[in-house]
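In what follows, a structure is listed as structure tokens, so that the remarks can point back to it.
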Amino acid sequence: MGALPAVTDADFNTTVLQADKPVLVDFWAEWCGPCRQVAPILEEIAAEHGEALSIVKMNVDENPQTPSQYRVTGIPMMGVFKGGELVKSIVGAKPKAAIVNDLQDFIG
């Protein structure tokens, strides 16, 4: 799925929680149609706002620990982590304008 880097249960702590800027984690699965719709939108946002916000993907089927820890019960779910904390959740497939709007606090 696309060009966004993947994150796993094993490297979530260092890649996401210890990052020096906000990180959007796209919780997705191979079988999830709406997740595939959101992926190219997130790639565009990463290209446009990568200096302010990192975007990574986590396959919930391959990495059950982290989604469970953050109570990800439906996908697609995008979580913004800042300073080691989950500070915003965006649930469901949305158009690019809506996602960008949800991210205004982080991308200026």
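The values are calculated or read from the model by the stated rules, or taken from the named source; none is laboratory data. As the structure is a computational prediction, the values presented were derived from the model and not from experiment. Note: ideal-geometry Cβ built from the backbone for every residue, glycine included; neighbour counts use all protein chains shown.
With respect to being more than 17 Å from residue 28 (Cβ to Cβ) and at pLDDT below 95, residue 83 falls outside the description. Residues of segment 76-93 that are more than 11 Å from the chain's Cα centre (by Cα) and within 18 Å of residue 4 (Cβ to Cβ): 93 alone.
Checking each residue in segment 94-108 for being over 12 Å from the mean Cα position of the chain (by Cα), at pLDDT 95 or above and in a loop (DSSP other than H, G, I, E, B) picks out 94, 95.
Restricting attention to segment 23-81, the residues that are part of a strand (DSSP E or B), within 16 Å of residue 92 (Cβ to Cβ) and charged (D, E, K, R) total 1.
The rows are residues; the columns are (1) more than 23 Å from residue 107 (Cα to Cα); (2) without any contact (Cβ under 8 Å) to a residue 24 or more places away in the chain.
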site	(1), (2)
13	no, yes
23	no, no
34	yes, no
38	no, no
44	no, no
81	no, no
87	no, no
91	no, yes
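Scanning segment 51-69 for residues that are surrounded by fewer than 17 Cβ atoms within 10 Å (Cβ to Cβ), within 20 Å of residue 19 (Cα to Cα) and either touching a residue at least 12 places away in the same chain (Cβ under 8 Å) or under 13 Å from the mean Cα position of the chain (by Cα) (or both) turns up 52, 65.
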